[in-house]
Amino acid sequence: MLPCVCWLQPILILLSSVLWTRGENCPTTCLCPDPHTVDCSRRGLTRLPDEIPLDVRRLLLADNWIPRIPSDFLVLYSDLVYLDLRNNSLSHIEPGTLSTSSRLVFLDLGSNNLTEIPKGMFGESRSLIKLRLGNNPYLSMVSEEAFLGLTSLRELELERNALSSLKVGALSQLPSLRLVRLEGNPWVCNCTFANLFAWLMENSHKLPNGVAGMECSLPLDGRHVSLTQLSKDSFRECQTTLTLTDLLIIIFSGISVSVVAIMTSFFLASTVHCFQRWSKGTKGDEEESEE
């Protein structure tokens, strides 16, 4: 037994040293299950924890009350690849805040209070593969250039937000996109939605359940209809293509209006000139009569 204890002693000392170091570098109230993971989920935090190790790769901050992220927070964490901020109180993120982490692969901002996704919010995070933005009940605006530069993004979640419309450019600029979730939004079946509807029909294979899980409301009565009941003909009134005859009519009408305007101006100028000459002649005759 004694030789065995002597053999195990160096291993026990090394193990205790590693555990002590890991505990020392771990933020207060958080857990660090491995040297590169910091788990601060469900800790009731109202701000970001202090003393996060600089070599952290997985940072878990879900289910807290964090209202904001400092714009320079991620500058020092160049190794961060996984950031979970789900279910916090974030309402705004300054553009460029998330682009400073060049290796970020996974980002979860779901179940927050975000109101918009502006241009430049993610910078050009070319390594980002999965982005979760769902379940933000006040998120009603996504810039057409919000995801510009996310060339590696494969999964985008925008379900159950407050989006009534979305410009197609926001999705078509994602060359690696394989899955997108858009269900549960209050889409409106108007002409603004027509282009998005066409994109969804062409890319239905990227939706988890196709268009079957999506619906929109009619502008007139607010009645909800499934996208499976619609077709491109449903938006035919939004098509503004002109025939050659239409173009000729528009050109001829423009020329006619211009000619009439010129003739009217010439007639008015001539009338005014004649009136002035007549007034001068009348005044001269009156002066001669008085003499």
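The values are calculated or read from the model by the stated rules, or taken from the named source; none is laboratory data. Treat the numbers as computed from the prediction; the structure is a model and nothing was measured. Don't worry about glycine lacking a Cβ; one is built from the backbone with ideal geometry, like all the others, and counts go over all protein chains shown. Just so you know, the surface numbers come from the protein's heavy atoms only, side chains and all, with ligands and any DNA or RNA stripped out. Shrake-Rupley method; radii C 1.70, N 1.55, O 1.52, S 1.80 Å.
What to note about this one:
- Checking the range 86-99 against the condition returns a match, with at least one residue being closer than 15 Å to Leu131 by Cβ, open to solvent by 60 Å² or more (accessible area, probe 1.4 Å) and either part of a loop (DSSP other than H, G, I, E, B) or at pLDDT 95 or above (or both).
- Those residues of the range 100-125 which are among the hydrophobic types (A, V, I, L, M, F, W, C) and either assigned to a loop (DSSP other than H, G, I, E, B) or open to solvent by 10 Å² or more (accessible area, probe 1.4 Å) (or both), in sequence order: Leu104, Val105, Phe106, Leu109, Leu114, Met121, Phe122
- Any hit, the range 45-59, residues being open to solvent by less than 10 Å² (accessible area, probe 1.4 Å), at pLDDT 95 or above and out of contact with any Asp or Glu (no Cβ under 9 Å at 6 or more places or on another chain): no
- The lone exception for Cys32 - which of (1) of a type in the set (A, V, I, L, M, F, W, C); (2) closer than 30 Å to Ile117 by Cα; (3) modelled with pLDDT of 95 or more it fails: (2)
- Of all residues making up the range 70-125, the number that are within 25 Å of Pro35 (Cβ to Cβ) and not hydrophobic (A, V, I, L, M, F, W, C): 14
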